[in-house]
Amino acid sequence: MTATAFAPETEERLALARQVADAVLFEGYVLYPYRASAAKNRLRWQFGVLVPPAWGAEHDEHDFQHTECLMEPKQGAILSVEVRFLRARRRTVQQARPDGGFDTVPELHLDDRVLMPWDEGTEERVELVVPVAELLGDGVTRPFTLPAREDTEPVLDAAGRTVGRLLRQCERTSGRVTLSARELDGPYRTSRLTAVVENTSDWTPSGERGDGREAALPHCLVATHLLMALSAGSFLSMTDPPEWAKGAVAACRNLHTWPVLAGEPGRGDLVLSSPIILEDHPAIAPESPGALYDATEIDEILALRTAALTDEEKREARGTDARAAAVIDLADSMPAEVLERLHGAVRGLREITGEADGGFPDENGVQRPDTPWWDPASDAGFDPAHDRVVVGGRTLGAGSRVELRPGLRHTDAQDLFLQGRAATVEAVLHDVDGAVHLAVTVDGDPGVDIRREQGRYLYFQPDELVPLEGDA
């Protein structure tokens, strides 16, 4: 859906930012092994999901995103905003009957693919162009509605005969975008920009047993994020603001999203507000051969493992989604030199100016210190199995019971799923910088014995744990 058209120069700037925004849009869209039947692909859409208000109130999921950032607009500046999200399009597989009708089936086998029911993601956009002067006070509000629609696609066999069809259905949903700004006191002409995206769908759960998250998804805004561009002026970095703006940045409220500077490094006229934590001026790795859609993807291992799937697994992946089929084709056709390029990259070098204090050059001519930066012998003073650390006035060590409270400073979104879970401390570890980490296993984890056998734990800092009552 498009509310208006951007100016050509704005569209050109946004095109570069959309390369990263597309990665946000499709983060976790379909995971390796890219088959609909895989367990990890049965729970979809984890990032930036804005649910219908009635469903969110009952299931503790949010129906809005709230972004605040600072900007220094020039006189007559125009703000261009693009709200981007996916809408779940439910696909049903039907097999043709001899009488010309169709029956819904769990799967349909073809020579080159296996078709199964699946929720496809269709990209939606809502665009607003507003003079910054109009944002002062109450600002502007733009409601939008996405109508329900249904379409069918015939499925043909190798001989061109109709053997079935795909029935695709999108449900009606609606939302609202609210933009406002307030000038801040101080020597600089700075304003706080507020952008709120809401799901205003009137869909309500029926109360029946099958009325879970899957029923709500077609009415959701999925992977929701914002692109905002100033025609004249700039935004301030929320991650690394100038000293004079740190207090104003700390006062900004960002709920379920975080704004970063986007576009070319060195420019500040574009912001991406994303449900995934990013750094300023994020960019796609130049070595990446294409989108693999797997959350926190590691291109090399994904490409190798995808190429190693069996022919039957690849048939199902190709029938799962057009994007999954493209990943299979990419892995099968990737030249050796492209795969080799994924094996590692140097992101930055710094020049050494001046002589090192002491030390000696290694076989590559790199100056090394006389002593290692960390002496392995010092490790003898630590005993992870018996060391203890004080948390909340109580000492914790191996065997202690705790409640997990992941800290907001961390970037691992998976930690959020462990909020409030009970766990057992397995070891107390000290890193080379002197920080303390507690290795834990989560209660009820079916793989806990394997974790202990392999020494593969989850790690938290002391302020992310709360001792449970009754534990020593």
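The values are calculated or read from the model by the stated rules, or taken from the named source; none is laboratory data. Just so we're clear, the structure is a prediction, and the values are computed from it rather than from any experiment. Note that we place each Cβ from the backbone using ideal geometry, even for glycine, and neighbour counts take in every protein chain shown. Please note that ligands, DNA and RNA were not included when accessible areas were found on the heavy atoms of the full protein model with its side chains. Shrake-Rupley method; radii C 1.70, N 1.55, O 1.52, S 1.80 Å.
A compact table of results
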{"quantity": "Of Trp118, Val389, Thr441, farthest towards positive along the dipole that unit charges on Lys, Arg, Asp, Glu beta carbons give the chain", "calculated": "Trp118"}
{"quantity": "Placed amide H near Asn254: partners under 5 Å, 5+ positions off or other chain", "calculated": "none"}
{"quantity": "Sequence ranges 323-334, 82-93, 392-403, ranked by mean other-Cβ count within 10 angstrom, highest first", "calculated": "82-93, 323-334, 392-403"}
{"quantity": "Estimated distance in nm for a label pair at Glu183 and Glu134, the labels positioned 7 Å out from Cα along Cα-to-Cβ", "calculated": "1.9 nm"}
{"quantity": "The chain - Rg and Dmax from Cα coordinates, angstrom", "calculated": "26.4, 89"}
{"quantity": "Extreme residue, positive dipole direction of the chain, given options Leu128, Gly263, Gly319 (C-beta unit charges)", "calculated": "Leu128"}
{"quantity": "Estimated 222 nm signal from helices in the chain, with DSSP H stretches of n ≥ 4 weighted -39500 (n - 2.57), rounded to 500", "calculated": "-4500 deg cm²/dmol"}
{"quantity": "Ordering of 195-205, 217-227 by packing [mean C-beta count within 10 Å, highest first]", "calculated": "217-227, 195-205"}
{"quantity": "For Thr152, net neighbour charge (Lys/Arg +1, Asp/Glu -1) across residues whose Cβ lies under 12 Å away", "calculated": "+1"}
{"quantity": "Rounded to whole Hz, the Karplus (6.51, -1.76, 1.60) HN-Hα couplings of the range 325-331, x for glycine and proline", "calculated": "4, 5, 5, 4, 5, 5, 5"}
{"quantity": "Sequence-distant residues sharing a close amide H with Gly164 (under 5 Å, placed H)", "calculated": "Ala96, Val155"}
{"quantity": "Normalised contact order of the chain, rounded percent, pairs of Cα under 8 Å and 6 or more residues apart", "calculated": "17 percent"}
{"quantity": "Under 15 Å from the Asp103 label point (7 Å along Cα→beta-carbon), backbone N, the range 152-181", "calculated": "163-165"}
{"quantity": "Farthest toward positive dipole pole in the range 169-287 [+1 Lys/Arg, -1 Asp/Glu at C-beta], among Leu272, His225, Pro205", "calculated": "Pro205"}
{"quantity": "Over the range 257-299, volume per residue of the alpha carbon convex hull, in Å³", "calculated": "82 Å³"}
{"quantity": "Asp112 versus Ala148: modelled label distance in nm, points set 7 Å from Cα along the beta carbon direction", "calculated": "3.5 nm"}
{"quantity": "Theoretical gain in end-to-end length, Lys40 to Arg253 [0.36 nm per residue, Cα-Cα removed]", "calculated": "73.4 nm"}
{"quantity": "For Ala232, distant residues with modelled amide H under 5 Å away", "calculated": "Lys74, Ile78"}
{"quantity": "Segment His430-Val338, length gained on full extension (0.36 nm per residue, minus Cα span)", "calculated": "29.2 nm"}
{"quantity": "Pairs of alpha carbons in the range 1-127 whose separation is greater than 22 Å (percent)", "calculated": "57 percent"}
{"quantity": "Globularity ratio of the range 152-228, using Cα Rg and 2.2 N^0.38 Å", "calculated": "1.94"}
{"quantity": "Accessible surface, per residue, of the chain when the full set of protein chains is kept, probe 1.4 Å, Å²", "calculated": "53 Å²"}
{"quantity": "Potential extension, Ala57-Leu156 segment - 0.36 nm per residue separation minus Cα distance", "calculated": "31.2 nm"}
{"quantity": "Overall Cα dimensions of the range 227-316, principal axis frame, Å, largest first", "calculated": "59, 25, 21"}
{"quantity": "For Ala229, net neighbour charge (Lys/Arg +1, Asp/Glu -1) across residues whose Cβ lies under 12 Å away", "calculated": "-3"}
{"quantity": "Percent of Cα pairs exceeding the 21 Å cut-off, where the set is the range 73-180", "calculated": "55 percent"}
{"quantity": "Stokes-Einstein diffusion coefficient of the range 1-56, Kirkwood radius over Cα pairs, 20 °C, 1.002 mPa s, in µm²/s", "calculated": "149 µm²/s"}
